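*Asks:* This is the structure, below, for whatever I ask next.
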Amino acid sequence: MYEIIYNLHSFFAYAVLAILIVAVVNAISGLKAERIFNLEKDFRISLFALILTHLQLTVGLILYFVSPKGFSAIKELGMAGMPTATRLLAVEHPFINIIAVALITIGWSRHKKFMEGNKKFKSIAVFYGIGLVLFLSRIPWGQWFS
């Protein structure tokens, strides 16, 4: 079961990064071009990014509690004796990514309150962009390319 959840989490990571990049680039281009926020395109891209990030968070939290590198590593090693790679997976990766998903959710909630396209695009560009940077900062790159 661990392998299935791990592979699902790894697969969704690529999808989440791709859709977040598309959403941020779309929001920035809409902001620069002063476009009207289109419900067919802009809304759906942002919503799809929100849904995928929440799905990734859910799978990640399940993985955290069934993984030998997650919660059980903290219990066994303690924070002081934890190697850097283990600390990244057990503490930094989940904590920062939960913050990133929260920021993306805030960006989505804020954009719904605005009527003007520029404010909608700005909210999505800023909050989704910060979330994307946080995701990129805590990806275990060594595992991705090994």
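*Asks:* Look at H93 and say whether it is surrounded by 15 or more Cβ atoms within 10 Å (Cβ to Cβ), modelled with pLDDT under 95 and touching a Pro at 6+ places or on another chain (Cβ under 9 Å).
*Replies:* The answer is yes for H93.
*Asks:* Within region 28-59, track down each residue that is over 22 Å from I98 (Cα atoms), of a type outside the set (S, T, Y) and either assigned to a helix (DSSP H, G or I) or modelled with pLDDT of 95 or more (or both).
*Replies:* Correct list: I28, G30, L31, K32, A33, D42, F43, R44.
*Asks:* For A90, all conditions in the list (1) more than 18 Å from S67 (Cβ to Cβ); (2) in contact with a helix residue (DSSP H, G or I) (Cβ under 9 Å, 6 or more places away or on another chain); (3) of a type in the set (A, V, I, L, M, F, W, C) hold save one; what is the number of the exception?
*Replies:* The one condition A90 does not meet is (1).
*Asks:* Would you check which residues across region 16-60 are farther than 17 Å from R110 by Cβ and open to solvent by less than 30 Å² (accessible area, probe 1.4 Å) and list them?
*Replies:* V16, L17, I19, L52, Q56, V59, G60
*Asks:* Limited to region 61-85, what total is found for residues that are open to solvent by less than 50 Å² (accessible area, probe 1.4 Å), farther than 22 Å from I4 by Cβ and either β-branched (V, I, T) or at pLDDT 75 or above (or both)?
*Replies:* Here the count works out to 1.
The values are calculated or read from the model by the stated rules, or taken from the named source; none is laboratory data. For clarity, every value in this text was computed on a predicted model and none was experimentally measured. As a convention, Cβ positions derive from the backbone with ideal geometry for all residues, glycine included, and neighbour counts pool all protein chains shown. With ligands, DNA and RNA removed, areas are computed over all heavy atoms of the protein, side chains included. Shrake-Rupley method; radii C 1.70, N 1.55, O 1.52, S 1.80 Å.
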